[in-house]
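For reference, the structure discussed in these notes is given below.
Quick note: the coordinates plus some simple rules give every number you see, no bench work behind them. The shown structure was predicted, so the numbers you read here are calculated from the model rather than taken from an experiment. Cβ placement follows ideal geometry from the backbone for every residue including glycine, while neighbour counts extend to all protein chains displayed.
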Amino acid sequence: MNGELLAILDQMEREKGIDKEKLLEAIEQALIIAAKKIAKITNPDAEISVKIDRSTGKIRAFVGDEEVLSESLARIAAQTAKQVIIQKIREAEKEVVFNDFKDKVGDLISGTAYRFEKNGIILDLLGKAEAIIPKRELSPLDGFKLGERIKAYCLEVKREKGPQVVASRRAAGFVKKLFELEVPEIYEGIVEIKSVARDAGDRTKIAVYSKDEKVDCVGACVGMRGSRVKSIVQELRGEKIDIVRYADDAETFIKASLSPSQVGRIVLNKEKKRALVVVSKDQLSLAIGKGGQNVRLASRLTGWELDVRSKEEIKEEIDELNKLKGIGKQTVNNLIKAGFQNMRSIAEAEASELSEIKGIGKKKAKEIVEQARKILEQGQ
């Protein structure tokens with residue numbers, strides 16, 4: 001048994017990558033419990049130790065410095081070793097899987113759909129592990145068959161239950177990684193993805209930037225005859241993708257983000273990171289988008305709070321604000337720029353809010369708020 005034990009442990013180290021010394025230490029700890037039972041030692045403070053010779057495999061047990069029960073212990077060593085090895089193999093395999101996949105968080109993973117559950121799809125990751133795509137992390141357009149190959153974005157890896165790999169096809173990061181996979185210029189670092197905003201199953205906006213003036217970032221992402229972006233759209237089951245050219249200049253970037261609409265003028269409030277976007281009447285619905293989707297995605301893409309208005313609406317608002325006495329054209333523009341575009345927004349504001357606007361002091365702010373409230377009352 002002694003030599004056979006070492007041979008088995010050597011094999012485990014080679015095939016499973018489990019450290020032989022750790023196995024020996026685990027077997028020794030298990031045998032200490034067995035030694036207490038065999039020797040009928042009831043004293044919890046008794047110093048019992050078990051040593052396995054690393055060269056011969058011989059097992060020796062000690063109570064204090066006195067060797068005891070070596071022959072009796074040897075008889076149960078085989079079963080104990082078997083149990084410990086099975087346990088350690090399971091633990092080691094789990095640890096290997098965890099270590100393999102913990103570094104894949106934020107990357108694409110690929111697996112085969114082999115089970116459909118109420119709470120999601122279970123993927124077989126090449127027989128190494130399982131991943132789950134929770135129902136909430138599926139795109140509304142997703143539909144798969146048993147055995148179908150599925151790409152997904154690795155969200156997290158949990159140690160418990162396996163370990164368990166949690167993936168997503170809904171995350172904005174999924175689209176980003178698909179572009180990195182499909183566009184060599186992104187992988188090589190020539191083209192950079194600056195931001196992604198997504199309504200999964202409907203539309204994604206992605207902002208890209210080229211570090212090389214000779215490389216068109218949008219063209220690189222679209223590909224020859226749209227081949228690259230078509231491949232990504234196909235993976236996303238027909239989800240629309242707007243590729244936006246990033247710019248350091250906020251006004252330029254915001255205009256691009258609201259594509260396909262044509263933007264007229266933009267008024268920026270850099271302190272509050274708000275932007276008033278002025279478009280012609282025929283472009284208003286296009287700029288806002290169905291259910292406000294276009295402006296919502298553009299806002300998330302740029303990081304600016306966007307308020308889209310038609311030229312006609314702005315004119316009406318300016319005419320309305322011009323009813324306020326004692327303020328000039330510049331003050332009206334400053335009010336609109338600060339987000340106070342109509343009489344009601346001013347009437348509902350605190351004077352302290354208006355006093356923060358350039359050209360309006362505390363006294364003037366109070367007068368403006370009082371005037372706005374009176375005008376609204378008279379209009380009712």
Full extension between Glu370 and Glu305 adds, at 0.36 nm per residue less the Cα distance, a length in nm of 20.6 nm
Could you give log10 I(q)/I(0) at q = 0.13, 0.20, 0.22 Å⁻¹ for region 173-310, computed by the Debye formula over C-alpha point scatterers of equal weight, without solvent? -0.55, -1.16, -1.31
Among Leu181, Leu335, which comes first, second and so on when ranked by fewest other beta-carbon atoms within 10 Å? Leu181, Leu335
Can you compute 3J(HN,Hα) from phi for each residue in region 16-27, using the Karplus curve 6.51 cos²θ - 1.76 cosθ + 1.60 with θ = phi - 60°, rounded to whole Hz and x for Gly and Pro? 9, x, 8, 4, 4, 5, 5, 5, 4, 5, 5, 5
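Test of understanding: ordering Ile18, Ile314 by Cβ neighbours within 10 Å, fewest first, what list do you get?
Going from sparsest to densest Cβ surroundings: Ile314, Ile18.
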Mind pulling up the Rg/Rh value for the chain? Radius of gyration and Kirkwood radius, both on Cα. 1.26
Take every Cα pair under 8 Å in the chain that's 6+ residues apart, average their separations, divide by the length, and report that relative contact order as a whole percent. 8
Given a Förster distance of 25 angstrom, what is the FRET efficiency for Arg149 paired with Tyr209, based on the Cβ-Cβ distance and rounded to 0.05? 0.20
Please report Rg over Rh for region 322-379, where both radii come from the alpha carbon positions and Rh follows the Kirkwood definition. 0.91
So the label point goes 7 Å from the Cα of Lys272 along Cα→C-beta, right? Which residues of region 301-322 then have their backbone N under 16 Å from it? 304-309
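Normalised by the empirical 2.2 N^0.38 Å for globular proteins, what value does the Cα Rg of region 48-206 take?
Compared with the compact-globule rule of thumb, region 48-206 sits at 1.62.
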Alpha-carbon centroids, region 139-176 and region 236-257: separation in whole Å: 26
Taking 1 over the mean of 1/r across every pair of different Cα atoms in region 120-171, what Kirkwood radius in Å do you get? 11.3
Nearest-0.05 FRET efficiency for Thr112 and Leu141 at R0 = 25 Å, using Cβ-Cβ distance, is 0.80
Please go through the residue pairs Lys194/Lys273; Lys214/Lys270; Lys88/Lys118; Lys58/Lys88 and name each one whose alpha carbons sit more than 26 Å apart in this structure. Lys214/Lys270; Lys88/Lys118
The chain: antiparallel bridges as % of DSSP beta bridges, rounded to 5, reads 75
